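I have placed the structure first, in the form of structure tokens, so that the comments after it can refer back to it.
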Amino acid sequence: MRFLPDAEQRAFTASLHAMLSAADTPAVVRDWSRGDHASGRALWSRIAEAGVFGLAVPQEYGGLEPHPVELALAFVELGRHAVPGPLVETVAAAVLLEDPPSAGRFLPGLVAGTDLATVAAPAGPALDGHASALRLALDGDAATLRLAVTADGLYLSTGAAGPVRRCLDPARRLTPLAPQGELLTADPPRERALTWGRLAVAAQALGVGLALLDRTVAYVGQRTQFGVPIGSFQAVKHRLADAMTALEFARPLVLGAATSLRPADVAAAKLKACEAAYGAARAALQLHGAIGYTAEFDLSLWLTRARALRTAWGAPEECRKLVLDDALKGPAGP
């Protein structure tokens, strides 16, 4: 089976790519890492105007109806440009807030981009794959809507309970949330929100990997050694070919998972896309040499993102177990 975007989907991603290319996202990422959210919020509004967040929201609440394939295509571009912020968490929040009272109250703001949502879970196997004694939320300092998922239900958090904690990716800022406040629903769709979140992470990781590959190909064509570009060396070609092959194998898995939305399919896509992006990051770091380690060099923004996404919303071993358990169950009966 071939998974190819149609003309309308290609036009959508092309317009999103053009908008993000003109936005100087490396500067936005560095502002966000320092806790300056002004440029990031401005970019967030433009992404919302493009309809990205409406792709997870029913039309009656201002959305475009759930379109997981288009959402995945959009998140590839968001990853390609290293856009910061709780992007995945906002998508998951849109799924968690499906009950009419909460949906009417919160979803229009998410679609319009006036609200940024983050989601946190308690210790143990968390909704986002992180385990912690504290309830940590990505960008809880920037989010205007903070949700806490517990065994008792979905709560509206009253705010931050401590200072921001740094992640390997400086643009991923973790904030401990205060004890839960208002109970929004006792039975939120945890598994469906996790599936949509993992799909968004997989697509984002694919975009990160593609950006790393593009930047590395351009670099090895410019850097010379022994009077010739290092990209002409066979070992370099093989390394880049391996990275490209892994990413191209991940692409149909991501689009296929977006089509089926089966938890096991999405877990397989996340596993493959994140591993491919991590492999592209390792190749990029090696082929850039010492300059690749420097925070001042823009490549680092994608290197750290690839590593952070690898364990976000489900570590590799967790995704492998889900895929294996699904395979062992065999085909569904009549």
Does any residue of the stretch 109-116 turn out to be within 28 Å of Asp36 (Cα to Cα), buried (at least 23 other Cβ atoms within 10 Å of the Cβ) and hydroxyl-bearing (Ser, Thr, Tyr)? no
Say whether the condition of being touching a helix residue (DSSP H, G or I) at 6+ places or on another chain (Cβ under 9 Å), of a type in the set (Gly, Ala, Ser) and touching a residue at least 60 places away in the same chain (Cβ under 8 Å) is met by at least one residue in the stretch 282-294. yes
Looking only at the stretch 278-327, which residues are over 23 Å from the mean Cα position of the chain (by Cα) and aliphatic (A, V, I, L, M)? Leu287, Ala290, Ile291, Leu324, Ala327
Limited to the stretch 214-225, what total is found for residues that are free of Cβ contacts under 8 Å to residues at least 24 places away in the same chain and assigned to a helix (DSSP H, G or I)? 5
Step by step: first the residues of the stretch 103-156, then only those that are basic (Lys, Arg) and modelled with pLDDT of 90 or more, then the one that is farthest from Thr311 (Cα to Cα). Which residue is that? Arg105
Does Asp265 satisfy the condition of being under 21 Å from Leu168 (Cβ atoms), acidic (Asp, Glu) and surrounded by 13 or more Cβ atoms within 10 Å (Cβ to Cβ)? no
Can you confirm whether Arg146 is surrounded by 20 or more Cβ atoms within 10 Å (Cβ to Cβ), assigned to a loop (DSSP other than H, G, I, E, B) and of a type in the set (Lys, Arg)? no
Could you check how many residues of the stretch 156-183 are β-branched (Val, Ile, Thr) and either in a strand (DSSP E or B) or exposed (fewer than 14 other Cβ atoms within 10 Å of the Cβ) (or both)? 1
What residue, of Gly35, Gly104, Gly85, is of a type outside the set (A, V, I, L, M, F, W, C), in a loop (DSSP other than H, G, I, E, B) and surrounded by fewer than 17 Cβ atoms within 10 Å (Cβ to Cβ)? Gly35
Log entry, pairs with first residue in the stretch 237-252 being closer than 15 Å to Cys274 by Cα, second being surrounded by 12 or more Cβ atoms within 10 Å (Cβ to Cβ) and among the aromatic types (Phe, Trp, Tyr), beta carbons closer than 7 Å, six or more apart or on different chains, reads Pro252/Phe3
Go through (1) under 22 Å from Ala171 (Cα atoms); (2) surrounded by 17 or more Cβ atoms within 10 Å (Cβ to Cβ); (3) at pLDDT below 95 one by one and return the number of the condition Glu98 breaks. (1)
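A quick yes/no check of all residues on (1) polar (S, T, N, Q); (2) out of contact with any His (no Cβ under 6 Å at 6 or more places or on another chain); (3) without any contact (Cβ under 8 Å) to a residue 24 or more places away in the chain:
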| residue | (1), (2), (3) |
| --- | --- |
| Glu70 | no, yes, no |
| Leu73 | no, yes, no |
| Pro86 | no, yes, no |
| Ala92 | no, yes, no |
| Ser102 | yes, yes, no |
| Arg105 | no, yes, yes |
Would you check which residues across the stretch 296-318 are of a type in the set (Gly, Ala, Ser) and touching a helix residue (DSSP H, G or I) at 6+ places or on another chain (Cβ under 9 Å) and list them? Ser300, Ala306, Ala312, Gly314
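The values are calculated or read from the model by the stated rules, or taken from the named source; none is laboratory data. These figures come from a predicted structure and were not determined experimentally. Note that we place each Cβ from the backbone using ideal geometry, even for glycine, and neighbour counts take in every protein chain shown.
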